[in-house]
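The values are calculated or read from the model by the stated rules, or taken from the named source; none is laboratory data. All values reported here derive from a predicted model rather than from experimental measurement. A quick note on method: Cβ atoms are made from the backbone with ideal geometry, for glycine too, and the neighbour counts reach across all protein chains shown. Only protein heavy atoms, including side chains, enter the accessible area calculation; ligands, DNA and RNA are left aside. Shrake-Rupley method; radii C 1.70, N 1.55, O 1.52, S 1.80 Å.
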Amino acid sequence: MAQIIDGKKISQEIKDELREKVASLKEEGKEAALAVIQVGNDPASGVYVGNKKKACAYIGIRSLSYELPEETTEEELLALIEKLNGDASVNGILVQLPLPSHIDEDKVIRTISPKKDVDGFHPENVGKLVIGEPGFVSCTPAGIIQLLKRSGIEIAGKNCVVIGRSNIVGKPMALLMLRENATVTIAHSRTQDLKEVCKRADILIVAIGKPRFITADYVKEGAVVIDVGIHRNENNKLCGDVAYDEVMPHTSAITPVPGGVGPMTIAMLMNNCVESMLMY
Ligand code: NAP
């Protein structure tokens, strides 16, 4: 019987641990604050930003909200970030992506102080991950490590295949699995014989961005399968990159969608905010 990895429960555990930590820090007079910046009124971004603020309120992190109009210039946004970089009471700065097309996202990411880069996207933090120094790590991959560890899944020495090489999921995921001593393969759209590559995986992490792409014939019997994808199917129901119902019986453990990886991202963002206060 496959173990269904409960991301909702594990993310709640993490949020409760953080809530306790934040309460005891408050007794020492220390308060964490996260600045959340949204440019324009994309409805999906609005939902993500709302969820982040809700999580802050639950844990006891002060959230500062900046809802800027669509026509905000790059200069105005960069000036706000610089101001927040210099504000000692702000521990984390989050700019909700995507940004309107007239703003250079890379420039925005590089302008956030690496010490306040709670998303873990700044090249300095990415570099630290590569060389094994402490720093902020992209929240979704960091959350997957927590899911595996807190579900009692051994990583060291296992063959891990990560499908996807994006800067926010695939690449940091592969580096984190390497840090945990897995033998790591990264697959992407130019990989040959993807099925054969995937079938070698003891732990298969799928961040391909294609609904129900991974079917049972990609999965080794008894593998652990982590599904990062989030999509809406034709009935407006959420589904992942993995054909869950057909793959699940062949796994030893699997994350569902929804309720697997998804809830972990915000929990790890909150963790990074608290870490930011303790580290710097
Ligand atoms: P992305 O930037 O679109 O990257 C997709 C990756 O998959 C690329 O590296 C691409 O290869 C590879 N790929 C595409 N088609 C392939 C194929 N046929 N065979 C092998 N590899 C293929 O996506 P992302 O931002 O990493 O996100 C991936 C998924 O995770 C999306 O569904 C996204 O919505 C979801 N997501 C979820 C969370 C969460 O909190 N749960 C967070 C972030 C993302 P190339 O590099 O060669 O193009």
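All but one of (1) more than 10 Å from the ligand (Cβ to nearest atom); (2) among the hydrophobic types (A, V, I, L, M, F, W, C); (3) open to solvent by 10 Å² or more (accessible area, probe 1.4 Å) hold for A267; state the number of the condition that does not hold.
(3)
Which one of the conditions (1) small (G, A, S); (2) surrounded by 19 or more Cβ atoms within 10 Å (Cβ to Cβ); (3) over 22 Å from A32 (Cα atoms) does A55 fail to meet, given that it meets all the rest?
(3)
Has segment 140-149 got any residue that is in a helix (DSSP H, G or I), touching a strand residue (DSSP E or B) at 6+ places or on another chain (Cβ under 6 Å) and either within 11 Å of the ligand (Cβ to nearest atom) or within 20 Å of I230 (Cβ to Cβ) (or both)?
Yes, that holds for at least one residue.
With the checklist (1) in contact with a Phe, Trp or Tyr (Cβ under 6 Å, 6 or more places away or on another chain); (2) not in a helix (DSSP H, G or I) in hand, flag the one item V224 doesn't pass.
Failed condition: (1).
What number of residues in segment 193-212 are within 12 Å of the ligand (Cβ to nearest atom), more than 22 Å from the chain's Cα centre (by Cα) and part of a loop (DSSP other than H, G, I, E, B)?
1
May I ask you to list the residues in segment 227-243 that are open to solvent by 10 Å² or more (accessible area, probe 1.4 Å), over 12 Å from A207 (Cα atoms) and not in a strand (DSSP E or B)?
N233, E234, N235, N236, K237 - these are the residues of segment 227-243 that are open to solvent by 10 Å² or more (accessible area, probe 1.4 Å), over 12 Å from A207 (Cα atoms) and not in a strand (DSSP E or B).
I'm trying to understand the selection: among the residues of segment 17-50, which are modelled with pLDDT of 95 or more, open to solvent by 50 Å² or more (accessible area, probe 1.4 Å) and among the polar types (S, T, N, Q)?
Within segment 17-50, just S24 meets the criteria.
Could you please tell me which pairs satisfy a Cβ distance under 6 Å, a separation of 6+ or placement on different chains, a first residue in segment 198-209 that is over 15 Å from T255 (Cα atoms), and a second residue that is away from the ligand (no atom under 14 Å from the Cβ) and open to solvent by 10 Å² or more (accessible area, probe 1.4 Å)?
If the second residue must be away from the ligand (no atom under 14 Å from the Cβ) and open to solvent by 10 Å² or more (accessible area, probe 1.4 Å), the pairs left are K199/K220; R200/N159; A201/N159.
I'd like to know if segment 175-191 contains one or more residues that are away from the ligand (no atom under 14 Å from the Cβ) and among the small types (G, A, S).
The answer is yes, given that some residue of segment 175-191 is away from the ligand (no atom under 14 Å from the Cβ) and among the small types (G, A, S).
Scan A23, A35 and give me the residue that is of a type in the set (A, V, I, L, M, F, W, C) and touching a helix residue (DSSP H, G or I) at 6+ places or on another chain (Cβ under 6 Å).
The conditions single out A35.
Need the failing condition index for T73 against (1) surrounded by 17 or more Cβ atoms within 10 Å (Cβ to Cβ); (2) over 24 Å from I230 (Cβ atoms), just the number.
(1) is the only condition that T73 fails.
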